Structure formats: structure tokens, C-alpha cells
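So the structure is just underneath, and the comments pick up after that.
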Amino acid sequence: MKNFILLLFFHSYCFSNSITPSVLMFHEWDLNDCKSRAQKSLSFDKRSIHFLLAGQFIASNKNVTSYCFNTVDSKCSPINQPLLKKIEGKMKDCLQVLPEQTEINISFHLNDSKGSNSVWRNSIIFDPQLKYEQVSYQEFLINPILNALDSVNNKEIRISLQGEMGATIFTHPSSYEKLINTLKIRYPLYKFGISTNYNKLTGGAKNIDFKAVQKMINALDFLGFSAYSPFNPYDLGNAFEKYTNNFISRMNKLSLSIPDSTELLFSEIGLGGGNWLNNGNTQGENIEQVSGAPYAGIYVEKGNNNPWINEELKYFRRRYYLYLNSYLNSKNSKISRAFVWNAASWDIHGIYPGSENFKDHLLAKKLGEIK
């Protein structure tokens with residue numbers, strides 16, 4: 001009966017803005033598998049795809065000193081031209097599987113090379129155009145992907161120059177503004193933006209020039225933010241509007257305004273099925289715990305350590321995405337797109353290796369069918 005009601009609910013709406021699966025790449029072996037993951041994403045939805053490419057950094061006192069990339073030998077290798085050409089070539093090969101009508105979205109992350117003793121990327125500081133040990137962030141991550149995109153004819157392409165890294169944009173807004181304006185001239189058909197954390201916008205940046213930040217915001221085509229705030233599980237109809245209004249309110253409290261022409265999107269979204277412990281292993285026991293910590297999930301399934309085996313949580317996750325889809329396409333929505341975090345227990349599509357048992361095939365299939 002629950003499945004029957006759910007199917008009726010799915011087919012009772014007509015949507016245009018889709019919830020977009022993400023192909024996440026943190027290492028060279030992820031890049032090697034990019035094509036098969038992209039094909040898996042397309043099997044659910046050919047309208048839109050989101051790629052996230054992550055590099056690594058080495059920092060001192062939260063200031064980046066150099067970049068590196070996790071290669072197949074499990075080393076964080078220094079950046080050089082052969083490595084950049086390898087990244088470009090592998091991404092170019094991956095993009096060839098996309099139909100021309102597929103909308104392409106791309107984001108970038110930097111993660112600490114130290115692993116468990118890491119500094120959160122939201123608080124690291126670097127100038128995207130300044131060279132650190134002979135290479136800049138732009139040369140490391142952005143340029144190889146732009147070069148790879150030269151091989152496709154897709155009409156709709158969005159590129160977030162960074163993702164959930166607030167300190168860098170609030171410390172070096174003028175550099176980002178200059179980069180954005182340069183890229184918009186060079187690639188007039190692409191849309192360029194940035195993405196922030198949902199509540200710690202500035203990443204702890206100090207001595208912020210808010211006038212320069214506003215100028216940077218004015219140059220954006222879109223502005224994204226992660227959507228992991230706790231929410232009321234009994235008020236899903238208003239949860240996503242509250243996400244949006246809270247983000248705008250936080251911006252306004254910093255005396256920052258978002259132009260009406262700037263597109264807003266959920267750059268990361270999902271339900272992890274964990275709870276307030278957020279230890280990567282403890283699942284939530286009920287919808288109150290899961291909705292209280294959407295950012296908390298299970299990294300590796302062991303036995304019954306899968307929150308979506310719980311019938312109550314499984315159907316709650318389905319309702320969550322139905323209401324999200326409804327919100328994206330409502331007249332009052334300020335959000336145009338939502339990118340699923342397709343890893344571990346957030347992965348409703350089962351795209352990332354090891355997360356297949358966390359997926360909900362019915363949910364993913366129906367979301368792809370809603371038009």
C-alpha cells in the first residue's frame with residue numbers, strides 16, 4: 001500500500017527542475033571510473049549531471065602552502081604538467097558519454113592531505129590565482145576541466161569555482177571576482193558561480209572586505225550552498241523554503257545582498273540517516289534523529305548498519321525527496337537546482353562504489369522520470 005500511494009504521489013506532479021545526481025571524484029581511481037559512474041547517473045536521469053572533482057592541499061595555520069592529488073599509488077603527488085594533462089585527459093574521456101542535451105554542472109573541493117588530522121576545507125585560505133609551489137588553484141583544478149569541456153557541445157554548463165570553502169572567498173573576494181569576469185569573457189556560454197557552507201559562510205575569515213565580497217557576488221551567475229540544516233520532520237512542506245530563507249538571512253546579516261538575477265541552488269543535499277553523534281557509524285533510530293542531523297551518515301555498511309533497512313526511515317527519505325522536488329518547481333522557490341551527495345548512505349542512486357546497498361532504486365528511478 002505504501003508503494004502504491006508513493007507511486008500515485010510521484011505521477012501527480014509535472015516537474016521541470018530536476019534533482020541532479022553527482023559523480024564524486026576524490027582520487028585518480030575515481031577519475032578512472034568516471035565514465036562508468038556517469039553512465040550509471042545517466043541511467044536514472046539524462047537531463048542533468050553534476051561532477052565534483054576534489055584535490056588536496058598542504059597548509060600551515062590554515063594557509064595553503066601547496067597542492068597535491070591522490071594518485072593510484074595512494075600518494076598525494078605534487079602537481080606538475082604531466083599530472084594536469086592526465087586529469088584533463090581522463091575528464092575529457094568521461095565527458096564523451098554525455099548526450100548533448102544533458103546539462104553539465106561541475107564543482108571543485110580541496111581536502112586536507114593529512115586525512116584524520118585534517119583541517120576542514122571551509123576554513124583554509126588561498127588565493128585562487130596565486131601560485132603555491134609553482135601552481136595555482138586555477139591551474140590545478142579549473143583549467144584542466146575547462147580544457148576538457150572544449151570537447152563537448154552541451155549547451156547548458158555551470159561551473160562552481162569552489163565548493164563549501166568560505167574562508168578563501170571571503171579573504172580573497174577581488175581575486176575571485178577577477179577570475180569570474182575573465183572566465184565569463186572567455187567562455188560566454190558557460191555560467192560561473194561559487195558555493196558556500198549552509199551556516200558557516202565565512203569559514204572563520206578575518207578582516208573581511210565586505211564591499212569587495214559584494215562586488216564578487218554581483219559578478220556571479222549563480223550562488224550555491226549546502227543544505228544540511230536540521231529540520232522539522234513533520235513540516236517537510238516548508239523545510240526547503242526555510243533552508244533558503246535562512247541562508248539569505250545569514251547573508252543579509254553580513255550586509256550582503258543577492259541580486260535578483262543570481263540563480264540560487266543547493267550545491268549539496270541529502271539525508272545521511274545518522275544522528276547527532278555524527279561518527280560515520282551510528283544510524284538514527286527514528287525520523288527525529290535523522291532530520292536533526294542530515295549531515296550525519298554511515299560511511300561503510302556492515303551487516304545491518306544501514307539506516308534505510310528501517311521502513312520508517314526509508315519512506316521518510318522518499319517523502320523528503322518528493323517534497324524537495326515539489327519545492328524546486330513551486331512558484332515561490334528561489335532555488336533552481338539541487339545536487340545530491342552521492343556517497344555512502346546519502347547515495348540514493350548507488351553511484352559511488354560501496355554505496356550500492358544504500359540506494360533506493362524506486363526513488364531514484366521515479367525522480368529521473370518526473371518531467
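Every number in this text was worked out from the coordinates using simple rules, so none of it is lab data. Remember, it's a predicted structure, so these values are computed and weren't measured experimentally. Neighbour counts run over all protein chains shown; Cβ positions are idealised from the backbone, glycine included.
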> Straight-line reach from Lys359: which aspartates and glutamates have a Cα under 20 Å away, not including same-chain ones fewer than 8 places off?
Replying inline: Asp30, Asp33, Asp45, Glu268, Glu285, Glu301, Glu311, Glu312, Asp347, Glu369
>> Under a crude label model (7 Å from the Cα following the beta-carbon direction), how far is Glu241 from Leu189 in nanometres?
In response: 3.8
> What is the distance, in nm, between label points placed 7 Å from the Cα along the Cα-to-Cβ direction at Trp120 and at Leu362?
Replying inline: 3.7
> Using the 10 angstrom Cβ neighbour count as an exposure proxy, how do Lys200, Lys359 rank, fewest first?
Replying inline: Lys200, Lys359
>> Multiplying the sequence separation of Ser330 and Glu288 by 0.36 nm and subtracting their Cα-Cα distance, what value in nm do you get?
In response: 12.5 nm
> When DSSP assigns beta bridges and you keep just the ones with both residues in region 110-258, what percent turn out antiparallel, to the nearest 5?
Replying inline: 20
> P(r) for region 104-261: what percent of alpha-carbon pairs falls in each 10 Å bin, starting at zero?
Replying inline: 10, 38, 34, 16, 2, 0
>> Quick check: the distance between the Cα centres of region 131-183 and region 276-339, to the nearest angstrom?
In response: 31
>> Among DSSP bridges having both ends in the chain, what percentage is antiparallel? Round to the nearest 5.
In response: 25
>> Using a 7 Å offset from the Cα along the Cα-to-Cβ direction at both Asp73 and Asn181, what is the distance between the two label points in nm, to one decimal?
In response: 4.4
> Per the helix-only calculation at 222 nm, which mean residue ellipticity applies to the chain, given -39500 (n - 2.57) for every DSSP H run of n ≥ 4 and division by its residues, nearest 500 deg cm²/dmol?
Replying inline: -10500 deg cm²/dmol
>> Taking the number of other C-beta atoms within 10 Å as the exposure measure, put Thr171, Thr262, Thr182 in order starting with the fewest.
In response: Thr182, Thr262, Thr171
>> Relative contact order of the chain, please, whole-number percent, based on alpha carbon pairs below 8 angstrom and at least 6 residues apart.
In response: 18
>> Along the charge dipole of the chain, pointing to its positive end and built from +1/-1 on Cβ of Lys, Arg, Asp and Glu, which listed residue (Gln134, Phe266, Trp341) has its Cα farthest out?
In response: Phe266
> Hey, which lysines would be in cross-link range of Lys35, C-alpha to C-alpha under 18 Å, not counting anything within fewer than 8 residues on its own chain?
Replying inline: Lys46, Lys85, Lys86, Lys90, Lys92
>> To make sure I understand the rule: partners must be lysines, Cα under 26 Å from the Cα of Lys62, and not fewer than 8 residues away in the same chain. Which ones qualify?
In response: Lys75, Lys114, Lys131, Lys178, Lys200, Lys206, Lys211, Lys215, Lys253
> Relative to a virtual label point 7 Å from the Cα of Lys85 in the Cα→beta-carbon direction, which members of region 23-66 show backbone nitrogen distances below 12 Å?
Replying inline: none
> In whole Å, how far is the Cα centre of region 201-265 from that of region 69-120?
Replying inline: 27
> Tell me, Kirkwood radius of region 170-220 from alpha-carbon pair distances, in Å?
Replying inline: 11.7
